[in-house]
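Read the structure below first, then the notes.
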Amino acid sequence: MKISPYFTSALISLSSLLLFGCASFERGVPQKVTVISLPTEASVYVNGDAVGITPMEMSLPRKLTHEIRLEKHGFNSAVKYFAPVPNDQAHNFIRFGLKEDLGYYVDLEPGTMKADLKSELVPNSTGADPFERMAKQALEADRRLEAGEITPLDHKYIVEQIIEFFESKF
């Protein structure tokens, strides 16, 4: 008995759908999201797993909520949640079939994460002598730059944050 090549390819396609398609039904089709930080080169974690360095674009399954965490040495972490929300297609009168199963009626919001990471050198209060405290924080940023612990761009960003903090208090 000779098996038709069409039958063979149909059987392979059906097997692939059954083996790999189930994950798409549960998680939804991927959606591109963008992650940006100031300063750049922060580590990006999705649901606790390291996935890259900012700035970056990645694909996440639409039907699940995702925790995105940014970490960079010397800066406070930033966390944002990407959650599925109904999109314009969700308002159709009847929703069924593959589009419903694959998550085409939801989009992850927000589509972009932009985080301004706050340096740990920015104080929470001005202290008794604000000018002395500001000078100490700026000198520490200078020391870290000279030691190679931070980049010149990070240094600029940190000093700007320190100055902004003290200007906002007076």
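The values are calculated or read from the model by the stated rules, or taken from the named source; none is laboratory data. From a predicted model like this one, the values you see are computed outputs, not experimental measurements. For neighbour counting, all protein chains shown are included, and Cβ atoms are generated from backbone atoms with ideal geometry for every residue, glycine included. Surface areas here come from the heavy atoms of the whole protein model, side chains and all, with no ligands, DNA or RNA. Shrake-Rupley method; radii C 1.70, N 1.55, O 1.52, S 1.80 Å.
I'd like the full set of residues that are open to solvent by 100 Å² or more (accessible area, probe 1.4 Å) and under 23 Å from Pro39 (Cα atoms), limited to segment 124-137.
The initial filter retains those residues of segment 124-137 that are open to solvent by 100 Å² or more (accessible area, probe 1.4 Å), namely 124, 128, 131, 136.
Asn124, Lys136 - these are the residues of segment 124-137 that are open to solvent by 100 Å² or more (accessible area, probe 1.4 Å) and under 23 Å from Pro39 (Cα atoms).
Every residue, every condition in (1) open to solvent by less than 50 Å² (accessible area, probe 1.4 Å); (2) modelled with pLDDT under 95; (3) at positive phi, yes or no:
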{"residue": "Leu64", "(1), (2), (3)": "no, yes, no"}
{"residue": "Val79", "(1), (2), (3)": "no, no, no"}
{"residue": "Phe82", "(1), (2), (3)": "yes, yes, no"}
{"residue": "Ala90", "(1), (2), (3)": "yes, yes, no"}
{"residue": "Ile94", "(1), (2), (3)": "no, yes, no"}
{"residue": "Gly97", "(1), (2), (3)": "yes, yes, yes"}
{"residue": "Tyr105", "(1), (2), (3)": "yes, yes, no"}
{"residue": "Gly111", "(1), (2), (3)": "yes, yes, no"}
Subset of segment 45-58 [closer than 17 Å to Gly74 by Cβ and either open to solvent by less than 20 Å² (accessible area, probe 1.4 Å) or in a loop (DSSP other than H, G, I, E, B) (or both)]: Thr54
Residue, modelled with the lowest pLDDT, within segment 26-44, restricted to residues that are in contact with a Leu (Cβ under 8 Å, 6 or more places away or on another chain) and in a loop (DSSP other than H, G, I, E, B): Gly28
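Can you tell me which residue is surrounded by the fewest Cβ atoms within 10 Å (Cβ to Cβ) among those in segment 138-163 that are charged (D, E, K, R) and in contact (Cβ under 8 Å) with a residue 40 or more places away in the chain?
First, the residues of segment 138-163 that are charged (D, E, K, R): 140, 142-144, 146, 149, 154, 156, 160.
Now restrict to residues that are in contact (Cβ under 8 Å) with a residue 40 or more places away in the chain: 144, 149, 154.
On the way: Arg144: 18, Glu149: 13, Asp154: 23.
Among them, the one singled out is Glu149.
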